[in-house]
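Undergrad: Take a look at this one; I'll ask things after.
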Amino acid sequence: MASEGYNLRLYVAGQTPKSIAAIANLKKICDAHLAGRYDITIVDLMKDPALAQRDQIVAIPTLIRHLPEPLKRIIGDLSNVEKVLVGLDIAPTG
Amino acid sequence: MSDPGLMDDTSLIPEAEETIRAIHRGSVDAVVVHAQGRFQVVTLTGADEPYRVLVERMSEGALTVSEDGIVMYINSRLAHMAGRSADAIIGRPFADLFSGNVPPQYRSWTPPPEGGTRHEVDLARPGKCLPVSVWAGPITVGDVSASLVTVSDLTVQRRAEEIAIAERFARSVLEQVTDPILVLDNAGRIIRASAAAEEVCGMPPVGRRFSEVFRLQPVDLQHAPQLPSVPPNDFDLMLATRAFHGIEVKLADGRAAGQTFLLSAGPLLDDAKCSVGSIVTLTDITKRKHAEEQQSVMVAELNHRVRNTLAVVQAIADQTARRSSSLTIFNEAFGGRLRALSIAHGVLTKTHWNGVELTELLGESLAPYRDRVRLQGSPIMLPSQTIVPMALILHELMTNAAKYGSLSTSGHVQIDWEMDYPNLLLFTWVECGGPRVQDRKKTGFGSTLIERVAAHELQGECTLEFPSDGLRCKLRFPI
């Protein structure tokens with residue numbers, strides 16, 4: 001990952017509607033605004049709930065931005081694009 | 001941070017409060033609970049959990065596609081079918097799942113109408129593509145409009161269709177082939193039979209042993225493969241397990257009793273090249289054998305006729321030479337008699353030596369004087385053995401008439417014939433309008449030949465008369 005790259009971790013709960021909506025929304029936003037500059041890890045807490053402890057996850061879906069620092073956290077299905085862009089400190093393009 | 005959906009670790013807003021707000025907004029649908037020393041995920045819309053489990057575990061592939069054609073969810077069965085992990089597919093365009101002839105509504109995603117659409121396409125996967133049937137229909141996931149897609153593996157169905165086509169083709173071949181063809185299992189029992197096979201043996205042969213329905217008799221031939229002399233059961237096993245090629249046999253009974261067949265057998269192999277029985281063919285060569293026998297008879301007959309003809313030529317040459325005073329006279333007489341022989345062979349060849357119509361022979365033999373010969377009689381078919389003698393007699397009569405008789409002037413010849421019961425032909429040659437006949441004392445070779453041929457070759461009688469108004473020849477011989 002380049003120094004300006006985004007390291008994102010999305011916590012989901014199997015195939016709940018909000019989880020799959022969050023996955024789709026995140027991919028779409030990243031492709032549109034961070035093309036080639038992001039790395040997404042999807043963590044399914046249905047498979048291993050204990051992983052919630054690592055980033056102190058309570059609500060699902062939750063997106064954690066590990067890089068660039070500081071660590072940021074967005075709770076919800078990421079359907080509000082503008083808020084996600086603000087939360088991730090991404091200047092809207094276009 | 002003032003935005004209620006966002007927070008960082010330095011935020012003063014407790015995460016629990018933000019979580020509750022998010023739940024109220026309806027943007028989360030699961031929470032992590034820490035109880036009794038372990039973490040547990042609790043879904044807030046748990047009513048659909050059984051369906052999610054069902055979809056995840058169903059034997060068909062399933063996925064959900066967003067409004068803009070992005071894969072949002074894929075079950076493990078479909079991931080397995082595609083040979084990739086679910087993570088590698090989720091978030092990718094739906095059309096990327098397929099290869100080859102991908103429908104345009106997949107390439108440029110068009111959400112399916114109510115009732116859904118179905119296409120048969122190739123699922124892209126490492127190595128060989130997988131033929132699949134894809135059904136897509138609209139659904140609502142929470143408050144998101146999406147499409148539900150099911151993907152069914154068509155490999156088994158395609159294989160079954162291929163087998164069914166091959167089966168139909170094989171059945172069609174067996175029904176239409178004109179020779180008896182049988183498929184035997186490894187024990188020598190008939191498991192398939194052509195329609196011709198059933199017709200020949202006169203009973204449904206399937207399920208019976210080969211030797212039960214086909215009793216074969218060997219055909220004694222030198223330098224040819226022979227039918228093995230073994231008990232019927234052993235022969236069935238040999239047919240099922242060994243290759244045979246072109247053994248001539250006859251059927252002992254049934255509708256084709258006495259007919260000659262060529263028996264051949266070859267192994268029937270499965271996909272693994274293991275023998276699972278044999279294919280036995282019985283090619284009916286009865287007509288061919290008959291033709292071969294007829295050919296042998298014809299060759300023998302031809303030899304016989306050639307020898308006879310040479311003997312006749314020899315005799316004519318000897319007699320003509322004896323009565324000729326010069327080589328010129330010999331050449332003329334001998335040449336004319338050879339032409340008569342040639343005419344006889346010509347008309348016989350036309351009818352394949354099956355007899356010749358009398359007027360046909362007269363027409364050919366008397367061609368130079370066709371306009372001066374009058375014929376009177378019913379159509380009569382002369383047997384082939386009478387043609388050469390008759391041709392020679394006609395030649396002698398015509399030559400004599402042309403030199404001394406009615407054809408030497410402006411006269412004509414009247415020819416009449418009729419049958420004398422039961423099988424005697426009465427044939428009369430009368431010359432009219434020619435010069436007056438002088439006293440006939442010297443008998444020429446022509447007259448001698450006519451009388452000898454009539455007596456020996458036609459087994460009949462001949463009367464030659466020389467009244468003053470013209471020669472008369474009466475022949476009476478069996479036909």
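Undergrad: Go through the residues of the stretch B:355-377 one by one and say whether even a single one is within 22 Å of B:Glu451 (Cα to Cα), touching a His at 6+ places or on another chain (Cβ under 7 Å), crowded, with 18+ Cβ neighbours inside 10 Å and of a type in the set (Gly, Ala, Ser).
TA: Yes, the stretch B:355-377 contains at least one residue that is within 22 Å of B:Glu451 (Cα to Cα), touching a His at 6+ places or on another chain (Cβ under 7 Å), crowded, with 18+ Cβ neighbours inside 10 Å and of a type in the set (Gly, Ala, Ser).
Undergrad: When you scan the stretch B:304-325, do you find a residue that is more than 24 Å from B:Val388 (Cβ to Cβ), assigned by TED's automatic domain parsing to the domain that holds B:Thr448, assigned to a loop (DSSP other than H, G, I, E, B) and modelled with pLDDT of 90 or more, even just one? Show your work before the answer.
TA: Start the filter on the stretch B:304-325 by keeping residues that are more than 24 Å from B:Val388 (Cβ to Cβ), which leaves B:325.
When the remaining residues are screened for being assigned by TED's automatic domain parsing to the domain that holds B:Thr448, the result is B:325.
From the residues that got through so far, the ones that are assigned to a loop (DSSP other than H, G, I, E, B) too are B:325.
Now narrow it down to the ones that are modelled with pLDDT of 90 or more: none.
No, there is no match, as no residue in the stretch B:304-325 is more than 24 Å from B:Val388 (Cβ to Cβ), assigned by TED's automatic domain parsing to the domain that holds B:Thr448, assigned to a loop (DSSP other than H, G, I, E, B) and modelled with pLDDT of 90 or more.
Undergrad: Looking at this structure, is B:Ile247 aliphatic (A, V, I, L, M) and either in contact (Cβ under 8 Å) with a residue 40 or more places away in the chain or over 24 Å from B:Arg288 (Cβ atoms) (or both)?
TA: no
Undergrad: Continuing with the same structure: Would you call A:Ala22 more than 8 Å from every other protein chain (Cβ to nearest Cβ) and assigned to a loop (DSSP other than H, G, I, E, B)?
TA: For A:Ala22, the condition - more than 8 Å from every other protein chain (Cβ to nearest Cβ) and assigned to a loop (DSSP other than H, G, I, E, B) - is not met.
Undergrad: On to the next question. Starting from the stretch B:339-354, keep only residues that are touching a residue at least 24 places away in the same chain (Cβ under 8 Å), then list their pairs with residues that are surrounded by 13 or more Cβ atoms within 10 Å (Cβ to Cβ) and hydroxyl-bearing (Ser, Thr, Tyr) whose Cβ atoms are within a distance under 6 Å, requiring at least 6 positions of separation or different chains.
TA: Correct list of pairs: B:Ile343/B:Ser365; B:Leu348/B:Ser384; B:Trp353/B:Ser384.
Undergrad: Filtering the stretch A:48-80 down to residues that are under 19 Å from A:Ile29 (Cα atoms) and more than 12 Å from the chain's Cα centre (by Cα), which residue is nearest to the other protein chains (Cβ to nearest Cβ)?
TA: A:Asn80
Undergrad: Of everything in the stretch B:300-339, what is among the β-branched types (Val, Ile, Thr) and closer than 20 Å to B:Leu397 by Cα? Give them in sequence order.
TA: Within the stretch B:300-339, B:Val312, B:Val313, B:Ile316, B:Thr320, B:Ile329 qualify.
Undergrad: For the stretch B:265-287, give me each residue that is of a type outside the set (Val, Ile, Thr), surrounded by fewer than 17 Cβ atoms within 10 Å (Cβ to Cβ) and in contact (Cβ under 8 Å) with a residue 12 or more places away in the chain.
TA: B:Gly266, B:Pro267, B:Ser275
Undergrad: Does the stretch B:99-116 contain at least one residue that is under 48 Å from the mean Cα position of the chain (by Cα) and closer than 21 Å to A:Leu26 by Cα?
TA: No, the conditions are met nowhere in the stretch B:99-116.
The values are calculated or read from the model by the stated rules, or taken from the named source; none is laboratory data. No experiment lies behind these values; they were computed from the predicted model shown. Because the Cβ atoms are built from the backbone with ideal geometry, glycine has one as well, and the counts that use them run over all protein chains shown.
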